[in-house]
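Below is one structure, written out as structure tokens; comments come after it.
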Amino acid sequence: MNRVLTSRGILASALLVAGIGVAHAADLNVETLDLSKMSAGWQKPLANKSVAGADLKVAGQTFARGIGTHADSQLAINVFGTATHFSALVGIDDEAEGKGSVVFEIYADGKLKATSGVMHANNKPKRLEADITGAKQIALVAQSNDDGIDYDHADWLEPTLTLNDAAPVKPVAVEAPNLAGVDDEAPLPIFASAKPSAEPQIHGARVVGSTPGRPFLFAVPTTGEGPLKFSAKGLPTGLKIDADTGFITGTLGSAGTYTVALEVRGPRGVARRNLTLIAGAHKLAQTPPLGWNSWNIYYCGVDEDKVRAATDEIVSLGLQKHGFRYVNIDDCWQAPRLADGTIGVNTKFGEMKALGDYIHSKGLLFGIYSSPGPKTCAGYDGSYGHEDQDAKSYASWGVDYLKHDWCSYGGVADGNGPTPMDGLERQKHPYATMRRALDGASRDIVYSLCQYGMGDVWKWGADPDISANLWRTTGDIGPSYASMTNIGFAQSDHALYAGPGHWNDPDMLFLHALKPNEQLTHLTLWSLLAAPLLIGSDLSKATPFTLDALSNDEMIDIDQDPLGHAAERRAQRGSTQVWSRPLWNGTIAVGLFNLGRAKTKVSAKWIELGLRGAQPVRDVWARHDMGRFTDEVALDVPAHGAQYLIIGTPNAADYTAQGR
Ligand code: GLA
């Protein structure tokens with residue numbers, strides 16, 4: 001890191017040399033810090049260039065020094081109490097073609113110290129400075145105004161930290177979750193009735209699929225005071241339920257649709273619910289997968305201890321009782337192939353079969369990751385040319401879920417393989433190959449495509465030759481509100497392609513990077529979208545708020561709704577949006593979203609939701625009935641937050657998938 005002495009620093013040094021006791025100050029040019037730690041809503045922040053790589057230029061004035069970024073953006077700097085002052089000019093880069101609006105802010109230890117107000121394109125650069133004496137961490141934040149992030153090319157010009165004489169440690173840029181941004185409004189009162197009832201209650205999927213002849217495991221997700229005793233009437237031949245654990249295991253004999261009457265008895269009562277079992281080829285993931293994945297928290301630092309810890313935590317924190325059941329290892333578990341071509345497992349993991357057995361012993365399911373290309377995205381061996389062998393290895397380890405990530409396959413498709421491919425063939429070929437391999441393995445393995453939405457995957461991912469259970473619709477989600485909302489609110493157009501057995505996947509959850517109200521937006525939107533809910537966090541560090549939100553059975557019930565209709569946007573007014581999806585019992589789930597920076601009222605209007613007359617409204621997060629409303633329900637929604645409603649009168653008490 002360079003420290004650049006400016007004239008002030010030189011003067012102070014000179015005075016000190018001359019024996020005059022003034023404070024010695026030195027300035028640090030902030031663009032010299034490690035900008036890979038800085039987040040941006042588009043592309044990557046650059047030193048001394050605009051975010052698109054041109055000269056930094058605001059209102060016709062060019063600057064040699066600064067940072068070009070894109071809202072929403074944050075740079076967190078640990079200053080360790082060594083800095084006294086921050087100063088910069090801020091503005092929207094001229095490359096934004098006269099569009100864009102950004103608010104620049106400086107935070108010190110989470111407190112707002114200075115704001116530019118809304119800056120528009122062509123505004124002259126504005127001076128932003130703050131006394132940061134004593135602060136441990138500061139954050140430079142550039143946020144979109146309430147109109148979305150398009151064209152928000154945000155420049156920090158000549159950004160300078162003044163360091164005090166003591167400065168034994170140098171300031172350092174750090175990755176930090178959304179330190180600053182919206183007003184710190186209290187989250188919605190989701191704790192009000194968060195305690196699970198002592199009476200037994202059955203949660204999670206109402207419909208589960210399996211292939212006859214292959215091992216089956218479904219642990220009935222149940223809350224309530226124990227000891228609980230489980231029973232099931234109508235289980236097809238080959239399956240049994242363990243009365244103490246509620247694990248349904250065995251192997252289904254023949255294809256068909258079976259209605260199983262589940263019953264759970266405890267000291268505080270009895271719960272009953274129908275579970276539909278659909279047995280046949282390619283019938284997995286009748287509802288979106290719920291679970292955990294290592295990538296968004298550990299990246300390549302994943303190891304067996306962490307996976308076992310996540311397994312244990314899903315159980316001990318009660319998430320399993322609400323329906324979470326997959327434990328998925330992402331990239332970075334592999335070692336080079338053995339002489340016979342079998343995929344190796346690196347030293348961070350022991351026996352994969354033992355790990356699989358451990359996960360299954362808890363009633364949970366085991367997921368793994370590979371690429372159809374020769375290399376995974378992190379550079380490990382992919383499955384190219386070894387698909388059958390890999391599928392057999394996975395089956396022998398007890399793998400229940402495969403995420404298959406395109407990564408290096410482009411090189412194969414472009415001609416490094418036997419034949420160059422184009423059009424739809426290019427997109428489908430690698431996934432059809434692995435589908436055949438999975439069909440040849442002796443185990444049910446949920447098939448998750450990860451190719452970032454290329455070739456409108458939602459239009460062909462469910463074709464019989466692919467039979468994907470889910471497909472990523474976007475690039476990678478990042479640890480920020482901007483990334484989550486950019487992805488989530490762009491999902492309306494392909495809603496119709498999702499359904500039982502084949503889901504749109506807008507990528508995994510990033511709850512630990514978000515503020516409470518933003519977490520509610522993430523979960524409200526993802527469950528409305530019928531998205532897989534794969535927790536990407538270190539569960540041992542999850543806050544009570546996050547765990548309560550994840551354990552909200554009504555939110556999960558919407559995500560797992562057996563009709564499988566994904567939500568669509570019904571209205572957009574300024575920075576607010578309304579989304580809804582129909583549910584199996586005739587009610588609808590409605591999300592009221594506020595993407596703006598201040599609390600505002602958002603209205604769900606019957607005319608936009610296809611409703612008429614007086615309708616009962618239930619608050620999903622607070623878990624209480626709000627009474628009947630006519631024509632609309634208008635509620636306050638906190639900045640970056642969401643209200644989650646169920647509207648309508650249920651027309652049935654239990655679900656059975658007759659004739660599905
Ligand atoms: C890609 C995927 C991510 C993750 C990494 C692993 O970027 O989109 O979800 O699996 O690869 O390398």
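A few remarks follow.
- Any hit, the stretch 536-545, residues being modelled with pLDDT of 95 or more, within 15 Å of the ligand (Cβ to nearest atom) and either touching a strand residue (DSSP E or B) at 6+ places or on another chain (Cβ under 7 Å) or assigned by TED's automatic domain parsing to the domain that holds GLY323 (or both): yes
- Pick from the stretch 482-523, criterion hydroxyl-bearing (Ser, Thr, Tyr) and open to solvent by 10 Å² or more (accessible area, probe 1.4 Å), ranking: modelled with the highest pLDDT: TYR497
- Any pair with Cβ under 6 angstrom, 6 or more apart, that starts in the stretch 203-230 at a residue that is touching a residue at least 12 places away in the same chain (Cβ under 8 Å) and hydroxyl-bearing (Ser, Thr, Tyr) and ends at one that is in a strand (DSSP E or B) and open to solvent by less than 40 Å² (accessible area, probe 1.4 Å): SER210/PHE216; SER210/ALA279; THR222/ILE202; THR222/VAL264
- When residues of the stretch 524-540 are limited to those that are of a type outside the set (Ser, Thr, Tyr) and more than 12 Å from the chain's Cα centre (by Cα), the one surrounded by the fewest Cβ atoms within 10 Å (Cβ to Cβ): ASP538
- Search result, residues across the stretch 218-241 that are within 34 Å of the chain's Cα centre (by Cα) and surrounded by fewer than 19 Cβ atoms within 10 Å (Cβ to Cβ): GLU225, GLY226
- Residue in the stretch 276-294 that is within 30 Å of THR376 (Cα to Cα), assigned to a strand (DSSP E or B), more than 16 Å from the ligand (Cβ to nearest atom) and in contact with a Phe, Trp or Tyr (Cβ under 6 Å, 6 or more places away or on another chain) present: yes
- Among the residues of the stretch 325-367, those that are under 30 Å from ASP244 (Cα atoms) and either within 16 Å of the ligand (Cβ to nearest atom) or in a strand (DSSP E or B) (or both) comprise TYR326, VAL327, ASN328, ILE329, LEU365, PHE366, GLY367.
- Some residue of the stretch 60-78 being open to solvent by 60 Å² or more (accessible area, probe 1.4 Å) and among the basic types (Lys, Arg): no
- THR543 being of a type in the set (Val, Ile, Thr) and open to solvent by 10 Å² or more (accessible area, probe 1.4 Å): yes
- The single residue among ASP303, ASP312 that is modelled with pLDDT of 95 or more, charged (D, E, K, R) and within 16 Å of the ligand (Cβ to nearest atom) turns out to be ASP303.
- Within the stretch 377-426, the set of residues being among the basic types (Lys, Arg) and either crowded, with 23+ Cβ neighbours inside 10 Å or at pLDDT below 95 (or both) comprises LYS403, ARG426.
- Leading residue by the ranking (most open to solvent (accessible area, probe 1.4 Å)) among those in the stretch 310-324 that are assigned to a helix (DSSP H, G or I), among the hydrophobic types (A, V, I, L, M, F, W, C) and more than 22 Å from SER370 (Cα to Cα): VAL315
- Evaluated against (1) touching a strand residue (DSSP E or B) at 6+ places or on another chain (Cβ under 9 Å); (2) open to solvent by less than 60 Å² (accessible area, probe 1.4 Å); (3) at pLDDT below 90, LYS37 falls short on exactly one condition, (2).
- In this structure, MET555 does not satisfy being in a helix (DSSP H, G or I), within 16 Å of the ligand (Cβ to nearest atom) and closer than 28 Å to LYS306 by Cα.
The values are calculated or read from the model by the stated rules, or taken from the named source; none is laboratory data. All values derive from a computational prediction rather than experimental measurement. Quick reminder, even Gly has a Cβ in these numbers, built from the backbone with ideal geometry, and neighbours come from all protein chains shown. The protein model used for the area step is the full one, side chains on, heavy atoms only, and it has no ligands, DNA or RNA in it. Shrake-Rupley method; radii C 1.70, N 1.55, O 1.52, S 1.80 Å.
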